[in-house]
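*Asks:* Here's a structure for you.
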Amino acid sequence: MIEARQLTKRYGETTAVDGLEFTVRPGAVTGFLGPNGAGKSTTMRMILGLDAPTSGSVTVNGKHYRDHSSPLQEVGALLEAKSVHPGRSAFNHLLTQAQTHGIPRRRVDEVIELTGLQSVAKKRAGQFSLGMGQRLGIASALLGDPATVMLDEPVNGLDPEGVLWIRNLLTRLASEGRTVFVSSHLMSEMALVADRLIVVGRGRLLADTTVDELVQQAGGDAVRVATANPAKLRDALAGPGVQIVGQAGSEELEITGLPARSIGTRAAEHGIALYELTTVKVSLEQAFMDLTRDDVVYHGTTDLEERAA
């Protein structure tokens, strides 16, 4: 379990993390989301004791990271996959970590097999592609068979097979009762694998929720309807909590607040023919963009926008 209490980090006049409070519980995959500059990496560094909080605290399984006698058995982390000596082989890199932390040699072979590194285990890490470097970093994180696994952008550089592999791995680790904390910019992956979400922006907590709850807060599912009599359908569906959007002269309406089944039933009761009745799901990406719109630090512009300015 990871617990942050009023966790704050300032660099001069810049506040990178601002009073964060959250709990990452075992037995679930918790996604850690936020725009660039939101404070995610700084938070993860403070969890591992690499940066000291300005105020507040963060503990892993009830202790500060520095107070654990066997830290690799408590927390396995991937923050920077390329932080490996380029002249050392993958096997020797893992073996060195194992020998300095009292981990049996057989565990090195186990994580090499688990991460699919068998064919490159004796090659120098400096020759690895981005994806193979990620696999080596994940192998290092799992070396101590830790109770808590914390990964920063673990699918970065992985091919589709690798993305599926890491998705299944995270789910399995959580099912074993471990605490799994994952930072990612890939909303599609978080929608598939995360049980809970912690969303931050400009160092502040924006949401501590589930994927479904966040999507519902963003408006939930909408229903697209096409009919020759949109005005009559509007009247038939009007009611508390129902929102109907459509353009003048168009046969199409977008409706929120009623499920497709209810819309179809009411249309039939009023003798209104429907040409289309489609549920349009709000994506996690759209919900995330809506939530963090005011907390994006780095904005890009297109050439056309620059010329217009």
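The values are calculated or read from the model by the stated rules, or taken from the named source; none is laboratory data. The structure displayed is predicted, hence computed values, not measured ones. Note that each Cβ is placed from the backbone with ideal geometry, even for glycine, and that neighbours are counted across all protein chains shown.
*Asks:* What residue, of 130, 158, 164, is of a type in the set (A, V, I, L, M, F, W, C), in contact with a helix residue (DSSP H, G or I) (Cβ under 8 Å, 6 or more places away or on another chain) and assigned by TED's automatic domain parsing to the domain that holds residue 114?
*Replies:* Of the residues listed, the single one that is of a type in the set (A, V, I, L, M, F, W, C), in contact with a helix residue (DSSP H, G or I) (Cβ under 8 Å, 6 or more places away or on another chain) and assigned by TED's automatic domain parsing to the domain that holds residue 114 is 158.
*Asks:* Considering the range 154-166 alone, what residues qualify as being modelled with pLDDT of 90 or more and assigned to a loop (DSSP other than H, G, I, E, B)?
*Replies:* Result: 154, single match.
*Asks:* Going through the range 175-203 one residue at a time, which ones are among the polar types (S, T, N, Q), surrounded by 20 or more Cβ atoms within 10 Å (Cβ to Cβ) and either in a strand (DSSP E or B) or at pLDDT 95 or above (or both)?
*Replies:* 179, 183
Condition check ((1) acidic (Asp, Glu); (2) assigned by TED's automatic domain parsing to the domain that holds residue 42; (3) modelled with pLDDT of 85 or more) across all residues:
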{"position": "205", "(1), (2), (3)": "no, yes, yes"}
{"position": "233", "(1), (2), (3)": "no, no, yes"}
{"position": "246", "(1), (2), (3)": "no, no, yes"}
{"position": "254", "(1), (2), (3)": "yes, no, yes"}
{"position": "266", "(1), (2), (3)": "no, no, yes"}
{"position": "276", "(1), (2), (3)": "yes, no, yes"}
{"position": "295", "(1), (2), (3)": "yes, no, no"}
{"position": "300", "(1), (2), (3)": "no, no, no"}
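*Asks:* If I filter the range 83-98 for residues that are of a type in the set (Phe, Trp, Tyr) and either outside any loop (DSSP other than H, G, I, E, B) or touching a Ser or Thr at 6+ places or on another chain (Cβ under 6 Å) (or both), do I get at least one hit?
*Replies:* Scanning the range 83-98 turns up at least one residue that is of a type in the set (Phe, Trp, Tyr) and either outside any loop (DSSP other than H, G, I, E, B) or touching a Ser or Thr at 6+ places or on another chain (Cβ under 6 Å) (or both).
*Asks:* Listed residues 136, 151, 170; which is buried (at least 20 other Cβ atoms within 10 Å of the Cβ), under 20 Å from the mean Cα position of the chain (by Cα) and assigned to a helix (DSSP H, G or I)?
*Replies:* The unique qualifying residue is 170.
*Asks:* Mind checking which residues of the range 204-228 are among the charged types (D, E, K, R) and in a helix (DSSP H, G or I)?
*Replies:* Result: 212, 213.
*Asks:* Looking only at residues that are in contact with a strand residue (DSSP E or B) (Cβ under 6 Å, 6 or more places away or on another chain) and not in a loop (DSSP other than H, G, I, E, B) in the range 139-148, which one is nearest to residue 61 (Cα to Cα)?
*Replies:* 148
*Asks:* If you don't mind, there's one more thing I want to ask. Among the residues of the range 244-270, what is the count of those that are out of contact with any helix residue (DSSP H, G or I) (no Cβ under 7 Å at 6 or more places or on another chain), not in a helix (DSSP H, G or I) and not hydroxyl-bearing (Ser, Thr, Tyr)?
*Replies:* 8
Quick grid of which residues meet (1) in a loop (DSSP other than H, G, I, E, B); (2) within 18 Å of the chain's Cα centre (by Cα); (3) small (Gly, Ala, Ser); (4) closer than 22 Å to residue 293 by Cβ:
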position: 6; (1), (2), (3), (4): no, no, no, no
position: 15; (1), (2), (3), (4): no, no, no, yes
position: 26; (1), (2), (3), (4): yes, yes, no, no
position: 32; (1), (2), (3), (4): no, yes, no, yes
position: 45; (1), (2), (3), (4): no, yes, no, no
position: 51; (1), (2), (3), (4): yes, no, no, no
position: 56; (1), (2), (3), (4): no, no, yes, no
position: 66; (1), (2), (3), (4): no, no, no, no
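*Asks:* For the condition among the hydroxyl-bearing types (Ser, Thr, Tyr) and at pLDDT 95 or above, what is the one hit in 41, 57?
*Replies:* 57
*Asks:* Can you tell me which residue among 191, 174 is small (Gly, Ala, Ser) and closer than 23 Å to residue 47 by Cα?
*Replies:* 174 is the lone residue from the list that is small (Gly, Ala, Ser) and closer than 23 Å to residue 47 by Cα.
*Asks:* Quick one: is residue 196 within 32 Å of the chain's Cα centre (by Cα) and under 22 Å from residue 270 (Cα atoms)?
*Replies:* When the stated conditions are applied, residue 196 does not pass them.
*Asks:* Whether any residue in the range 89-100 is within 30 Å of residue 25 (Cα to Cα), buried (at least 16 other Cβ atoms within 10 Å of the Cβ) and without any contact (Cβ under 8 Å) to a residue 40 or more places away in the chain is what I want to check.
*Replies:* Within the range 89-100, none of the residues are within 30 Å of residue 25 (Cα to Cα), buried (at least 16 other Cβ atoms within 10 Å of the Cβ) and without any contact (Cβ under 8 Å) to a residue 40 or more places away in the chain.
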